[in-house]
Structure formats: C-alpha cells, structure tokens
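Structure first, commentary second.
The values are calculated or read from the model by the stated rules, or taken from the named source; none is laboratory data. Bear in mind that the values here come from a model prediction, so they are computed numbers and not experimental data. Cβ coordinates were reconstructed from backbone atoms using ideal geometry, including for glycine residues, and neighbour counts include every protein chain displayed. Heavy atoms of the whole protein, side chains included, go into the accessibility calculation; ligands, DNA and RNA do not. Shrake-Rupley method; radii C 1.70, N 1.55, O 1.52, S 1.80 Å.
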Amino acid sequence: MLLPGISSPRDLKALSLSQCAQLADEVRDFLIDSVSLTGGHLGPNLGVVELTIGIHRVFESPHDPIIWDTGHQSYVHKLLTGRQDFSHLREAGGIAGYPQRSESVHDIVESSHASSSLSWADGISKAFEMTGQSDRHVVAVIGDGALTGGMSWEALNNISDDNSRKLVVVVNDNGRSYAPTIGGVARFLSGVRTRPSYRTLHRVSWGIAKRLGGPARAVYRGIRGGVHGFLSRFTNNEALYSNLDIKYIGPIDGHNLRDVERALEQAKDYGSPVIVHVITEKGHGYEPARQNEADQFHAIGAFDPVTGEESAGGGLSWTSVFAQELVRLAKKNKRIVGITAAMLRPTGISALADVYPERVFDVGIAEQHATTSAAGMAFGGLHPVVAVYATFMGRAFDQVLMDVALHKAGVTFVLDRSGVTGPDGASHHGMWDLAMLQIVPGIRIAAPRDAKTLREELGEATLVDDAPTVIRFPKGNVVESIPAIRRTSDGVDVLREHSSRDVALVAVGAMAGLAIAVAELLEAAGIGATVIDPRWVIPVAPSIIDIARDHRIVVTIEDGIRVGGVGTRIRQDLRHAGVDTGVDELGLPDEFLEHDTRGNILARVGLTPEAIATKIIKQLKGTVVPKAKPKKR
Ligand SMILES: Cc1ncc(C[n+]2csc(CCOP(=O)(O)OP(=O)(O)O)c2C)c(N)n1
C-alpha cells in the first residue's frame, strides 16, 4: 500500500509512474469504500485522481496555490495533503466536503459556489507579481460545468490581458455538470475533445524539448508557445482560446498521468497564463458510477460499494412535491416554463422536462442569466419558474431587484434547500434568502409548512404576473399536512389557539412543527400560546398585526438569518402600526455555520422546542413578577 505513506505532496515526487498508477488505484478504492459509508461527491473525485496526482507532482503546493473551482472535487487533494481520515466526512468534527482553510494550508478557496476560481487565481497572481513573489505559480482547476458561469469569462477576459503572470488554468472537461453540460461552450469543448490532433503536436514538441540539451532547450522552451500557437491554427482545436489570446495546451487524456504531467510541466515552463485542457471521465474506474446516466454519482448518499445501489432514504421530499405540482400546474397553464441553472434533477425541474422538454431551460451554472432571462420570458408572455437552491440565489440578487422587480415581471423563484442544510457546510446553508430578498420592492415570499401548503402557494405564485414571487422550503422530507384551525381573510393560517393569549408564535414555513411543539410545552407550564403560519411571510399580512395586538408577546421563529429576517420585518410593521407588543425574533445567528447535521445545528443555535419554551417562560415570568419593593431600613 502506497497511500498511507503519502502525508504530503512531497512524498508523491519520489514515486515512479508505475507506482503512481498503483496509487491511483488505491485512491479510487479508498474513495469508493469511504464515500459508500458517508455519502458525498464521488463521481467528480473519481474523475480527477490522475489529474490531482499530476498537479501535486508538478507544482509545489502550498507555495503554488491550487484552487479547486466549486471544491467538490477536492477529496483526492485532501488525501494527498495529509487528510486520510474520511470516516466522518461532512460530519461534525470530521473533514469538510469542500476545501477548508482551517483544515490545511493546501486549501485556499472554500466558497464552493461555482465559477469563481479564475477570479481568485487572477487576483492571487496579480498580488504575487506586485509583491515580488514571482517564483510562485497559481493553478486553478475548473470543470466544463463551472466554465458555463459568466464569472469565469469575466476572469479570462482579464487574465488574457497580462502575459507576465504565472497562472495555469486546468479545464477539467468531463462533459458534465450534474447532467451533460449544455450550450455553446460545451459544444466547443466537445468539438475539441473529438479532434485529438493537438495531442500529437504536443507529444512531438515534448520529444523535441527532451532531446535538445542546454541552451538550445531553453531557447526552444521560449519559443514553444509561439510554435504551438502557429501549428495549432492548422489543428483548429483551440480557436476560442486563441481568440482570447491565452496559450492553450490540449486536449490531454486526463487518465494518462504521463500526458497530464507533460502538459503541466509545459504549462509551468511558459511563465504566462495558459489553459491546459484535460479530458476526464466522471466516475472513472467505478462501473456503477459510469453507468449512472442521471448524474454519474455526482453527489450521493450512502450506497452499497459492490452494486452501487443507494441506501433507501424513504419518505416524500419537498423537492418531489414541488416537482409533481409544477407538472400539474403546467398542464393547466401553458405559459409556465421551468428554468434551472445546471441542476435539472436536484431541483426537480426534470419532472417537467420529462413531460414538456420544450418548456424547460437548463441555462448552465448561470443564476444571474437565468433570472434576467426569466424577466425577458415574462415580458414575452410566459410565466417562468426558476428553481434554484436557496444558497445560490445570492448570485442573482441584482437581477431579481433590477431586472425582475423593477420591471414588474411575473417570475416565480423556487428556493429549495433553504435554511440550515447540514453536511455541505457554511457555503450551502440557505439562510440569507429571506433577509436578502425581502428588501426587493413588490416581492412576495411564501414559506410553506407542509406538502399541502407548498402545492397551494406554488399555485398562488404562478398567478402573480406583475411581481417576483418566491417559494422557499428546506431540504429533506415533508409532512403531508399540518392542519389549520382557521384561515384569516388575508390568508394567514391559525394552527393553534388558547383562551389565554400570552404569546403569539409566528412560524415561518417548516418551523411550524417546532412552533406547535413549543406551544405544547408552554401550555404544560400554564402559558397560553397561539401559533400562526403567515403562509406569505412578505409582505406582512394585516391580520398578523391584529393578532400581535391581542397578545402579551410575539415570538417569531425562522430558519434564516435573524438579522433583517421576517421577525425584524414584523417588529417594524408592528411599530409602524402603533402596536407596542414586544417581539422576540428567533432565527439563525449571523455566522458561518460549519458542517453538521441539520438537527445538531438547530440545537446549537437554540432552535429546539425546549430551548425556545424555556426562553419564553423566563421572559413571561419576567413580565409578571412584581418589582421587589425597596427594603425598609
Ligand atoms: C453558483 C453555483 N450554482 C450551482 C452549484 C451546484 N453545483 C455544484 S457542482 C455543479 C456541477 C459542476 O460541474 P463541473 O464544474 O463540470 O464539475 P464536475 O462535477 O463535472 O467535475 C453544480 C451545478 C454551485 N456549486 N454553484
């Protein structure tokens, strides 16, 4: 076994190529075994085993920073940089599913939102140049999927402007995001992939360089870029890149370590920005992943390593309720279309595509474009439903504000994975959407509490044709129904009432179950609680103000950041209406919350029935206990 002996990239450099091949096999076995127990991003990592070994043999991490775009493909990098305990991958205390600076000096970028790596690399290389660290290379590894994001092209535009920087862009082209990558960029890459003539050129050139000795070799190295540029016009492989004026090497077989290393060495020699186009296969070396057409084990739960069969999760997910209801609504309303930013299946939009393929648009990893394109579709007479994970909505704030809302476009945003998500860590919690979106003039935001209200609110949203609407719901399974006792005339559901109106609990969406549990505990302590679900949390319905007026205190509970959340909005609206009932806003702290289970995180931040009930009891006791009389002397 070689893998246990690799504690840093330095150890890799002592290995022969055949030992590296053995190491690659060991890494694959390790990944399959460990991810089968914990779940994680298996397919992307199986595809970059040789590439990661090659990068670490050719460059000197961390002296040469390596930036993994998105970061879900960094498991091999972790294994080779001293992190071989994967037993608690993505669990509290275990290693993170993405690069994390606190884990290792080899991890540089941990944001995990796609398409940012080239901007990072651009900035770092500029800083190295300006601070006299000119012996340091910067390597960015970006997938063909991430390359569909606009930010990468903004960065390339800048990178191509300055030939003095040591910046290597490795395009890890496996032809897929989750599903096959779409669009012109993908077509361009696939065109290059099927024309291997550059590889021949590259091999010949390498041969020449090797044979030349001393000064002749140095001279050849100096002019090699130009020679390649000239000859590659005849191979016609890299027209897109050459038009950008960036040197290009490729396409390289990403599973042939010798070729990978040669290409990287050559890129290192250039001493100016260069793209190395590497062809890899997602799920490489593991048949069940390769055969899985849907997503090639992009992200998977625990599974049987022999058959590749995923362990049965069971239960009905929020995503599938949304997916089914969207199809039902789309059958009745021909104006409804679906948009996804490269997440056809994870968002459930695939259900609509199965029935009406022509009414679904996968725009690539391009949330900003998805949003403005939706505004255009609304102008043209459609009602677009843009389905994204809540965390990625942040990318398109300006577009929601200026393109959709300002233009009164009827676009429905469906935010899956809102609130605390858990194992994907700080970057993937959908906790900013409520605070961020509620400041958009005219926007209406619904947070369904169960499957029934999700269906209902989605239907209501698709009828709004003059403003953005948002439906946000969490990850995981949904309960079919949390019944209401009554609905107010302005659409607020009252879930529970009590003759003594001590506290009004306002539950945002999936927090309804928690609020009811709090009410039960309060009742046992002799405190009467009303529980309401606003359904549409923004704007604040007038009946919420009326209910608040009737109670001693209001407690809002939301699965989103407390600062500037729905609770804050209710407090402001109460004050504006002259109601002086105190409001306690419960929600998530304004912190980056590390990976853990959703349950553990909610407990840590005090969002459990016991913690909330205790807080309220203390608070109310505080208001009823008479002030102590001053002692007589
Ligand atoms: C801004 C943003 N939107 C969506 C995602 C979700 N996402 C994670 S990985 C991925 C596909 C990445 O494809 P690619 O860059 O080709 O890498 P591969 O997995 O194929 O190696 C997507 C869409 C994300 N991380 N960031």
| Once you have the alpha carbon radius of gyration of the stretch 80-139, what is it after dividing by 2.2 N^0.38 Å, with N set to its residue count? | 1.37
| remark: Exposed-loop cut sites defined as GluC sites (Glu not before Pro) in DSSP loop states with at most 12 other Cβ within 10 angstrom; longest site-free run of the chain spans 1-292
| task | Select from the stretch 320-428 those chymotrypsin sites (Phe, Trp or Tyr not before Pro) which occupy a DSSP coil region and have at most 12 other Cβ atoms within 10 Å, ordered by residue number. | result | none
| HN-Hα J couplings of the stretch 153-168 from phi, Karplus 6.51/-1.76/1.60, θ = phi - 60°, integer Hz, Gly and Pro as x? | 7, 4, 5, 4, 4, 7, 4, 5, 7, 9, 8, 9, 9, 8, 10, 10
| query | What is the chain's relative contact order, in percent, from Cα pairs under 8 angstrom and six or more apart in sequence? | reply | 11 percent
| query | What ³J(HN,Hα) values, in whole Hz, does the Karplus curve 6.51 cos²θ - 1.76 cosθ + 1.60 give for the stretch 51-66 when θ = phi - 60°, with x put for Gly and Pro? | reply | 4, 5, 4, x, 4, 6, 7, 8, 9, 10, 6, x, 4, 9, x, 10
| field | Rounded Å value of the spacing that divides the Cα centres of the stretch 12-30 and the stretch 367-434 | value | 43 Å
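Once R0 is set to 60 Å, what does the formula 1/(1 + (r/R0)^6) return for the Cβ-Cβ distance between ASP85 and ASP490, expressed as a FRET efficiency to the nearest 0.05? Before the final figure, lay out the partial values.
On the way: r = 54 Å, r/R0 = 0.91.
About 0.65, to the nearest 0.05.
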| Which entries in LYS126/LYS166; LYS166/LYS268; LYS166/LYS247; LYS475/LYS615; LYS452/LYS475; LYS332/LYS475 show an alpha-carbon gap greater than 18 Å? | LYS475/LYS615; LYS332/LYS475
| query | Given charges of +1 on the Cβ of Lys and Arg and -1 on the Cβ of Asp and Glu, with all other atoms neutral, how large is the dipole of the chain about its Cα centre, in debye to the nearest 20? | reply | 940 debye
| the stretch 21-116: trypsin sites (Lys or Arg not before Pro) in DSSP loop, at most 16 other beta carbons within 10 Å | ARG101
| note | For TRP318 the rounded accessible area (nearest 10 Å², probe 1.4 Å, non-protein molecules ignored) is 10 Å²
| request: Multiply the residue gap between GLN291 and SER18 by 0.36 nm, knock off their C-alpha separation, and tell me the result in nm, one decimal place. | output: 95.5 nm
| task | Once you have the Kirkwood Rh of the chain from its Cα pairs, apply Stokes-Einstein at 20 °C and 1.002 mPa s and quote D in µm²/s. | result | 81 µm²/s
| query | Under a 5 Å amide H to amide H cut-off, with H placed in plane at 1.01 Å, what residues pair with ILE252 once short-range neighbours are removed? | reply | HIS277, VAL278, ILE279
| task | Using amide H atoms built 1.01 Å from N in the peptide plane, name the residues 5+ places from SER272, or on other chains, whose amide H lies under 5 Å from its own. | result | LEU167
| remark: Amide H proximity to VAL470 below 5 Å, modelled H, separation 5+ or other chain, gives PHE413, ARG444, ILE445, ALA446
| field | Note, ³J(HN,Hα) from phi for the stretch 467-477, Karplus 6.51, -1.76, 1.60, rounded to Hz, x at Gly and Pro | value | 6, x, 10, 10, 10, 10, 8, x, 6, x, 8
| request: Round to the nearest 10 and give me the degree value, 0 to 90, for the angle of helix 197-211's Cα axis relative to the longest principal axis of the chain. | output: 50 degrees
| Roughly how tilted is helix 566-576, in degrees to the nearest 10 and between 0 and 90, from the longest Cα axis of the chain? | 40 degrees
| message | Which of rounded, prolate or oblate describes the stretch 469-597 when judged by the alpha-carbon gyration tensor and an a/c cut-off of 1.5? | response | rounded
